[in-house]
Amino acid sequence: MTVGLVSRTGEILGQARCEPLGDDHDPNVIVRHIARMVQKVLASQSVSLGAVAGVGVCSPGLLDFDKGLVKAAANLRGWRDVPLTQLMADQLGIDRSRVVLENDGNTALLAELWIGAAKGKKDVVLLTLGTGIGSGIVSGGQLVRGCNGQAGELGHSILIPEGRPNKATGVQGIWEMYASATAVVARAKEGIPADSTLHGLGPEGLGCKEVFKHAADGDTYAQGVVKETARFLAIGCINCARCLDPQLILFTGGMAEAGDQLLTQVREQFALHHWSIAPVRLEFRIADSPAHAGLLGAAYAALLAIDF
């Protein structure tokens, strides 16, 4: 958990405070923990809670933004219909209207819009390439949420019908099973030839970073995995472009650390699958990923939502 005091210009005042979540996921326990962190951060800057215009709260899971509810969160045991903004407001002793709930995928994008690589843009898709593919979408300057707050789950769009299974959802062939960092490792492990330099790493030593490193060092098999990954990413981005027509697609997360090694191939594959009736105008970039992006994005969500 991370708590910090953020100025209206996107500057973290003092130092953000980071503490482990802990094993007790009872919502009241977690909210009390966060409230204690808030008080310590404010005291470090000699700021009273009354001087704080708004509180942004970033949470994973399925959210009801208007009601401030966490409807379900896979990584928070027992969280069902948790009135997080009300709990937070009660614990801090402030009105609930000063507390704003935002999804963790959206906060990463909001940070980029505020002070990062998407500053000044109104149509942007951010893709987090890690365990899965997380995403955030801004269209016409507005976050895309959908009627149930579930829009933007781009990693769960079906890329290949009846394809690779996803045990968590029971759906086959979704995008993140082909183009996430986890998928890179899974696909690489399935057919490593004896003459590949990846062969000597063993299952425990093989990660996404190693696949990209060995590809850069000239390993033919690793290069094939990277090229196929870029193709899967590009095809998914084609679908994003046809549905959303963004100015910019940003990549963040562990796999994005490959930088131009990944971007160059994604751009090439995107061009190959792009329609012939118009040139490619979509820009691809690695996100700036400012330190404590979730914190900054949550603060920006509060800034946008609350009438100062």
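The values are calculated or read from the model by the stated rules, or taken from the named source; none is laboratory data. Here the structure is a predicted model, which means the values were calculated and not measured. Using ideal geometry, Cβ is built from the backbone for each residue, glycine included, and neighbour counts are taken over all protein chains shown.
Which one of the conditions (1) within 27 Å of residue 141 (Cβ to Cβ); (2) surrounded by fewer than 19 Cβ atoms within 10 Å (Cβ to Cβ); (3) out of contact with any helix residue (DSSP H, G or I) (no Cβ under 7 Å at 6 or more places or on another chain) does residue 302 fail to meet, given that it meets all the rest?
For residue 302, the failing item is (2).
Taking helices (runs of 4 or more DSSP H) that do not extend beyond the range 133-244, which have at least 2 residues that are surrounded by fewer than 23 Cβ atoms within 10 Å (Cβ to Cβ)?
Working: elements: 176-179, 181-189, 202-205, 208-216, 220-244.
Qualifying helices (runs of 4 or more DSSP H): 181-189, 202-205, 208-216, 220-244.
May I ask you to verify whether residue 296 is buried (at least 20 other Cβ atoms within 10 Å of the Cβ) and part of a strand (DSSP E or B)?
Answer is no for this residue.
Inside the range 159-206, can you point out the residues that are out of contact with any Cys (no Cβ under 8 Å at 6 or more places or on another chain) and hydroxyl-bearing (Ser, Thr, Tyr)?
Within the range 159-206, 169, 178, 180, 196, 197 qualify.
Looking only at the range 113-132, filter to residues that are assigned to a loop (DSSP other than H, G, I, E, B) and hydrophobic (A, V, I, L, M, F, W, C); which one of those is nearest to residue 301 (Cα to Cα)?
Step by step, filter the range 113-132, then rank; the result is 118.
Test of understanding: among 51, 111, which residue is out of contact with any Cys (no Cβ under 6 Å at 6 or more places or on another chain) and surrounded by fewer than 16 Cβ atoms within 10 Å (Cβ to Cβ)?
51
Would you mind stating whether residue 106 is part of a loop (DSSP other than H, G, I, E, B) and of a type outside the set (Lys, Arg)?
no
Whether any residue in the range 259-267 is in contact with a strand residue (DSSP E or B) (Cβ under 8 Å, 6 or more places away or on another chain), of a type in the set (Lys, Arg) and assigned by TED's automatic domain parsing to the domain that holds residue 154 is what I want to check.
Checked the range 259-267: at least one residue is in contact with a strand residue (DSSP E or B) (Cβ under 8 Å, 6 or more places away or on another chain), of a type in the set (Lys, Arg) and assigned by TED's automatic domain parsing to the domain that holds residue 154.
Among the residues of the range 75-87, is there at least one that is modelled with pLDDT under 95 and either hydroxyl-bearing (Ser, Thr, Tyr) or within 30 Å of residue 249 (Cα to Cα) (or both)?
So far as the range 75-87 goes, yes, one or more of its residues are modelled with pLDDT under 95 and either hydroxyl-bearing (Ser, Thr, Tyr) or within 30 Å of residue 249 (Cα to Cα) (or both).
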